[in-house]
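These notes concern the structure reproduced below.
The values are calculated or read from the model by the stated rules, or taken from the named source; none is laboratory data. These figures come from a predicted structure and were not determined experimentally. Don't worry about glycine lacking a Cβ; one is built from the backbone with ideal geometry, like all the others, and counts go over all protein chains shown.
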Amino acid sequence: MSKYFPTIGLEIHAELKTRTKMFCDCVNNPDETEPNVNVCPICLSHPGTLPTLNKEAIKLVLKIGHAVGGQIADYTEWDRKNYFYPDIPKGYQISQYKYPLVSGGNLNGIALTRVHLEEDTGTSIHDRGDYSLLNYNRAGVPLMELVTEPVIHTAKDAVSFAKELQLLLRYLGASEANMEKGEMRVEANISVAEEGTKQDGDVKKSHSAKKLGTKVEVKNLNSFKAVEGAIEYEIKRMSDLLEEGRGGEIVQETRGWDEDHQKTFSQRLKETSDDYRYFPEPDLPKLKISEVPEFSAKKLISELPELPWQKRERLLGLNLGKDQAEVFIANQKLSKIFDQITDRLKDEKEIKLAANYITTDLISLLRLDDADPTNDLDLKITPDQVIELIGLISKGEISSRGAKDILAILVKEGGSPKKIASTKNLLQKSNAGELESVAQKILEENPQVVAEYKKGKESSLQFLIGQGMKATKGTANPQLLSEIFKKLI
């Protein structure tokens, strides 16, 4: 069987987090449950109405452009993208075609083609038997579209890119980008071609094709799992069609993703730009970015926060594990707590200890409480409490088990780790005289284990320490117990 090399480009739409819609003063509220309440004559395209530009939406896209190192346009304009569907009240969509706000750039190692602004469509509901319902609350919401170059070659890399974009949008406050709410939607353009010959400009010479194959677009992928599944399915489907003897032909078309059956299905033949009959939007002014003070590059760049990849580099510089770093990158609330801790803890071991307890035990406790650690959590725990807890562990005043118990109380009730340890009898006993009498009794009760240890069986010592911890209800210092047992034996 010949091998076929896939090439993937992504088009990702994200609803922007603005107070109002793109071209009118209607409220932009993705959580509105009542249909057709956030509408007006402008977004419903009544005769005689005129759109106006949302300055905040433009500003957010320009920030995205600066973050990815794109070329910011000085001149831009809007276009009418003509197609007829019930969820588009105008019969066309106001978008950008020839003059996008941002050209080029790079994100997560993937080259970008453009980032532009347009308006979202309404929502269609088709599961009502012989009729459909339309909700125009979303119609006219500011929508960022980001298009990559066709330089992605695996489904996993496509998902990795989409996840990094989601992080960027959240860091910039540009979008919540919740895929399950439709606030971020991915479309994948996929082609396969026979492997083995060089494509001009492709740095992956050994894994490239002379020319790209016929492109198929899979639309409206609303989860990272769907993105990966749809791309992998299409690569296999198209490779099978091209395989010698199968007699199949790839058709340029738009396909959908069937989540229940984990397969794509044909929707319609793929449109080209000519089909949309683009022409400049006559009701909106041309825009020169340099003439708007709020859009100055210096101002916008100064407003950029620490970006996800910058935070990743900083956290890995603290010798955190990659998975630990990703927890803090995904959750800005936990990250803020950890940053306040690292500002005050200078010992590398204590910093790593704090990271361990936050990214394992604390995350686990939050999930048990039905809290989502990817969101902005309402935590009772504070940096001061974590630092105090780490201090107790470092000084050997509490055991690892005791630390976990204290952390669970802090998450639910707050309080002082030292006081909790004292009240709950979790402070480790480090009185050598007291522990020696406990150890002596255990040795007397377990002569056979002592004999085995004397013959070189190291696990016997661990058994004795375990008995000592049991006898003291977990309050003994295990290291001190070990030393005492060795001395007495």
Working only within the stretch 287-320, note down all residues that are assigned to a loop (DSSP other than H, G, I, E, B), more than 28 Å from ILE58 (Cα to Cα), in contact (Cβ under 8 Å) with a residue 12 or more places away in the chain and of a type outside the set (S, T, N, Q).
LEU318, LEU320
Within the stretch 321-338, tally of residues that are within 17 Å of ARG170 (Cβ to Cβ) and assigned to a helix (DSSP H, G or I):
11
Which numbered condition trips up TYR233, out of (1) of a type in the set (Ser, Thr, Tyr); (2) outside any helix (DSSP H, G or I); (3) free of Cβ contacts under 8 Å to residues at least 40 places away in the same chain?
(2)
Within the stretch 270-305, take every residue that is surrounded by 13 or more Cβ atoms within 10 Å (Cβ to Cβ) and within 23 Å of the chain's Cα centre (by Cα) and give me the one that is farthest from PRO51 (Cα to Cα).
PRO305
Suppose the filter is under 30 Å from GLU194 (Cβ atoms) and either touching a residue at least 24 places away in the same chain (Cβ under 8 Å) or under 31 Å from the mean Cα position of the chain (by Cα) (or both); does ARG19 pass it?
no
Those residues of the stretch 270-326 which are among the acidic types (Asp, Glu) and under 30 Å from PHE84 (Cα atoms), in sequence order
GLU271, ASP274, ASP275, GLU281, ASP283
Which listed residue is β-branched (Val, Ile, Thr) and within 20 Å of PRO293 (Cβ to Cβ), from VAL37, VAL102, VAL68:
VAL102
Output yes when any residue across the stretch 248-267 is in contact with an Asp or Glu (Cβ under 8 Å, 6 or more places away or on another chain) and among the aliphatic types (A, V, I, L, M), and no when none is.
no
Whichever residue in the stretch 1-50 is among the basic types (Lys, Arg) and surrounded by fewer than 15 Cβ atoms within 10 Å (Cβ to Cβ) and, among such residues, is farthest from GLY140 (Cα to Cα)
LYS3
Go through the residues of the stretch 93-112 one by one and say whether even a single one is within 26 Å of ILE231 (Cβ to Cβ) and among the charged types (D, E, K, R).
no
Report the residue count in the stretch 132-159 for those that are surrounded by 17 or more Cβ atoms within 10 Å (Cβ to Cβ), among the hydroxyl-bearing types (Ser, Thr, Tyr) and within 30 Å of GLU195 (Cα to Cα).
1
GLU180 fails exactly one of (1) more than 14 Å from the chain's Cα centre (by Cα); (2) exposed (fewer than 15 other Cβ atoms within 10 Å of the Cβ), namely (1)
Could you figure out which of (1) out of contact with any Leu (no Cβ under 7 Å at 6 or more places or on another chain); (2) assigned to a loop (DSSP other than H, G, I, E, B); (3) not acidic (Asp, Glu) isn't true of THR113?
(2)
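So, ALA139, is that one modelled with pLDDT of 95 or more and part of a loop (DSSP other than H, G, I, E, B) or not? Let's see the steps before the verdict.
On the way: modelled with pLDDT of 95 or more: yes; part of a loop (DSSP other than H, G, I, E, B): yes.
It is true that ALA139 is modelled with pLDDT of 95 or more and part of a loop (DSSP other than H, G, I, E, B).
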If I ask for residues that are closer than 16 Å to ALA155 by Cα, among the basic types (Lys, Arg) and in contact (Cβ under 8 Å) with a residue 24 or more places away in the chain, which ones from the stretch 236-265 would you list?
ARG237, LYS263
Across the stretch 374-394, which residue is modelled with the lowest pLDDT among those that are β-branched (Val, Ile, Thr), outside any loop (DSSP other than H, G, I, E, B) and crowded, with 19+ Cβ neighbours inside 10 Å?
ILE393
Of the residues that make up the stretch 117-126, is at least one without any contact (Cβ under 8 Å) to a residue 12 or more places away in the chain and of a type in the set (A, V, I, L, M, F, W, C)?
yes
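Report, by residue number, each residue of the stretch 124-136 that is of a type outside the set (Gly, Ala, Ser) and outside any loop (DSSP other than H, G, I, E, B).
If the condition is that a residue be of a type outside the set (Gly, Ala, Ser) and outside any loop (DSSP other than H, G, I, E, B), then ILE125, LEU133, LEU134, ASN135 are the ones that fit.
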Determine, yes or no, whether ALA371 is of a type in the set (Gly, Ala, Ser), surrounded by 14 or more Cβ atoms within 10 Å (Cβ to Cβ), within 34 Å of the chain's Cα centre (by Cα) and modelled with pLDDT under 90.
yes
Determine if the stretch 433-450 includes at least one residue that is under 50 Å from the mean Cα position of the chain (by Cα) and either exposed (fewer than 12 other Cβ atoms within 10 Å of the Cβ) or at pLDDT below 80 (or both).
no
Going through the stretch 239-286 one residue at a time, which ones are at pLDDT 90 or above, closer than 25 Å to ILE94 by Cβ and either in a loop (DSSP other than H, G, I, E, B) or touching a helix residue (DSSP H, G or I) at 6+ places or on another chain (Cβ under 7 Å) (or both)?
ARG277, TYR278, GLU281, PRO282, ASP283, LEU284, PRO285, LYS286
